[in-house]
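**Student:** One structure is given below, represented as structure tokens, and several questions about it will come after.
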Amino acid sequence: MRRTTLHRTTAATAAAAAALLLAGCGTQQDGKDTGGPASATATGSGGASPSAAQPSAPGCTAHADLTAADSGRTVCLTVGGHLRLTLDGTKERPWTPVKATGTVLEGADAGIVILPGDALAAYTATAPGTARLTASRPLCATVPGRISCQGIQEWTVTVKVAKP
């Protein structure tokens, strides 16, 4: 009996069609981002948080929670939206304070860091535009009297702010 590979061909075609469909979701029209994978909302779980409000701008949300796992992502907030981030560190590998570039985010009360090495930050989106959040920490534990590596772990997130 002869085996056919029709099911493999059909599955490959379906996968290719899905990839093309998703690739087209992040295109721009008239210079505006239409949403899609490149402007997806980032949270600690990699998706929209359960407490997130319904977005009013395509692909944007009014609230986002970030963690170290979100490094390299792009988050889209609506003007007036809130962003909170928590970077869990240790006494031996502490995070630097989070820095924000640009003028579209305004610092908000993030609370108190309880554990040594952690970094907390909170922001309110005040105007349309783009900002970049950064922090870093040592790759290796720093222990007095011991040799340590000089590597640095970088954390960055791009925040796009859109009108509601």
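**Student:** Apply 1/(1 + (r/R0)^6) to the Cβ-Cβ distance of Thr126 and Arg93, taking R0 = 25 Å, and write down the FRET efficiency to the nearest 0.05.
**Tutor:** Working from the Cβ atoms, E equals 0.15.
**Student:** Show the residues, 5+ positions off or on another chain, whose built amide H is closer than 5 Å to the amide H of Thr90.
**Tutor:** Amide H neighbours of Thr90: Trp95.
**Student:** Residue separation times 0.36 nm, minus the C-alpha to C-alpha distance between Thr134 and Ala69: what's the value?
**Tutor:** Full-extension gain reported as 22.1 nm.
**Student:** Ordering Arg73, Arg93, Arg137, Arg132 by how much accessible area each has at a 1.4 Å probe, largest first, what is the list?
**Tutor:** Sorted by accessible area, descending: Arg132, Arg73, Arg93, Arg137.
**Student:** For a quick check of understanding: with a 1.4 angstrom probe and all protein chains in place, what accessible area in square angstrom does Asp118 have, to the nearest ten?
**Tutor:** Per-residue accessible area (Asp118): approximately 30 Å².
**Student:** Still on this structure, I have one more. How large is the accessible surface per residue of segment 96-164, computed with a 1.4 Å probe and reported in Å² as a whole number?
**Tutor:** 60 Å²
The values are calculated or read from the model by the stated rules, or taken from the named source; none is laboratory data. Everything quoted here is computed from the prediction, not taken from an experiment. Every residue, glycine among them, receives a Cβ derived from its backbone with ideal geometry; neighbour counts consider all protein chains shown. Protein only, heavy atoms only, side chains kept; ligands, DNA and RNA dropped before computing areas. Shrake-Rupley method; radii C 1.70, N 1.55, O 1.52, S 1.80 Å.
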